[in-house]
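The structure under discussion appears below in the form of structure tokens.
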Amino acid sequence: KKEYQAAQQCFYDLLRDLLLGLDEGELSFMDPKELTYRMVRDTRFSKDKSLYNPNFRAHLSTGGKLPIPVGYYISLTSQNQSFIGGGLFADVFNDATTMIRSHIQQNPDAFLAIINDSEFRKYFKVGGTKLKKLPKGYEEDAKVGEYLRYKSWYLEYPVADEVIRDADGFLELAETVFRKMKPFNDLMNRAL
């Protein structure tokens, strides 16, 4: 437990430094404890009875851990499985999905300008849960038709273990990546 608490405090400190470095208004003043997910696992119905999740996770948003408004996401774990991301990861909010789809359909050029930007494409590819067919009420659109089938729209940037070991290097990388995804997050939040 002491080892877990020490590691958790290191994660809080890292998040505090990152929030200050991002300098995004009220997000800069958020308490990292309000942004992180629990490490303790519910093992009642699981074959894996280990007490703790093997990763540190946080959603950096003015809504705290809630997926809306969209913000920045951090998942730090071992075996080069860590990533930093953004956008809407949850596809269970039907109203949010409808609002984003409508916004993309009404503003295809703005959406495409963001995701087709050469600098954006160096870092990201839009991911998310996708339907096989276009939902009812939406017209097939050659420009953004593929993205109207999505139920969630997110970005992930993989981070190697050696990058995480260098806290200053990781902070610099995370700030850069989050700034690159900010236009995407802003578009998602305008839709919401």
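The values are calculated or read from the model by the stated rules, or taken from the named source; none is laboratory data. Since this is a predicted model, take the numbers as computed values, not measurements. Cβ coordinates were reconstructed from backbone atoms using ideal geometry, including for glycine residues, and neighbour counts include every protein chain displayed. Remember, those area values only see protein heavy atoms, side chains included, never the ligands or the DNA or RNA. Shrake-Rupley method; radii C 1.70, N 1.55, O 1.52, S 1.80 Å.
Can you find a residue that is part of a loop (DSSP other than H, G, I, E, B) and within 21 Å of PRO183 (Cα to Cα) anywhere in the stretch 94-116?
Yes, the conditions are met somewhere in the stretch 94-116.
Could you look through the stretch 101-123, keep only residues that are polar (S, T, N, Q) and either farther than 14 Å from ASN189 by Cα or in contact with a helix residue (DSSP H, G or I) (Cβ under 7 Å, 6 or more places away or on another chain) (or both), and pick out the one that is surrounded by the fewest Cβ atoms within 10 Å (Cβ to Cβ)?
SER118
Can you tell me which residues in the stretch 144-162 are in contact (Cβ under 8 Å) with a residue 60 or more places away in the chain and either within 14 Å of PHE111 (Cβ to Cβ) or open to solvent by less than 50 Å² (accessible area, probe 1.4 Å) (or both)?
SER152, TRP153, LEU155, VAL159, ALA160, ASP161
Looking at SER50, SER75, SER46, which one is among the polar types (S, T, N, Q), without any contact (Cβ under 8 Å) to a residue 24 or more places away in the chain, open to solvent by less than 40 Å² (accessible area, probe 1.4 Å) and under 23 Å from ASP161 (Cα atoms)?
SER75
I need the full set of residues from the stretch 79-132 which are under 30 Å from ASP166 (Cβ atoms) and aromatic (Phe, Trp, Tyr), in order please.
Correct list: PHE83, PHE89, PHE120, TYR123, PHE124.
In the stretch 78-98, what count of residues is obtained for those that are among the charged types (D, E, K, R) and touching a residue at least 60 places away in the same chain (Cβ under 8 Å)?
Total meeting the criteria: 1.
Among the residues of the stretch 152-192, write down those that are in contact with a strand residue (DSSP E or B) (Cβ under 7 Å, 6 or more places away or on another chain) and outside any helix (DSSP H, G or I).
Hits for the stretch 152-192 are SER152, TRP153, TYR154, LEU155, GLU156, TYR157, PRO158, VAL159.
What about LYS133, is it surrounded by fewer than 15 Cβ atoms within 10 Å (Cβ to Cβ) and either under 16 Å from ALA90 (Cα atoms) or under 17 Å from the mean Cα position of the chain (by Cα) (or both)?
No, not satisfied.
Quickly run through the stretch 164-182 and pick out the residues that are open to solvent by 60 Å² or more (accessible area, probe 1.4 Å) and either aromatic (Phe, Trp, Tyr) or under 21 Å from GLY127 (Cβ atoms) (or both).
Of everything in the stretch 164-182, those that are open to solvent by 60 Å² or more (accessible area, probe 1.4 Å) and either aromatic (Phe, Trp, Tyr) or under 21 Å from GLY127 (Cβ atoms) (or both) turn out to be ARG179, LYS180, LYS182.
If you go through the stretch 155-172 one residue at a time, how many are within 15 Å of the chain's Cα centre (by Cα) and of a type outside the set (Phe, Trp, Tyr)?
So the count comes out to 4.
Quick one: which of LYS33, LYS65 is modelled with pLDDT of 80 or more, open to solvent by 60 Å² or more (accessible area, probe 1.4 Å) and in a helix (DSSP H, G or I)?
Going through LYS33, LYS65 in turn, just one is modelled with pLDDT of 80 or more, open to solvent by 60 Å² or more (accessible area, probe 1.4 Å) and in a helix (DSSP H, G or I): LYS33.
For the subset of the stretch 67-100 comprising residues that are of a type in the set (A, V, I, L, M) and in contact with a Phe, Trp or Tyr (Cβ under 8 Å, 6 or more places away or on another chain), which member is nearest to ARG190 (Cα to Cα)?
Result: ILE100.
Go through the stretch 80-100 residue by residue and tally those that are at positive phi and open to solvent by 10 Å² or more (accessible area, probe 1.4 Å).
1
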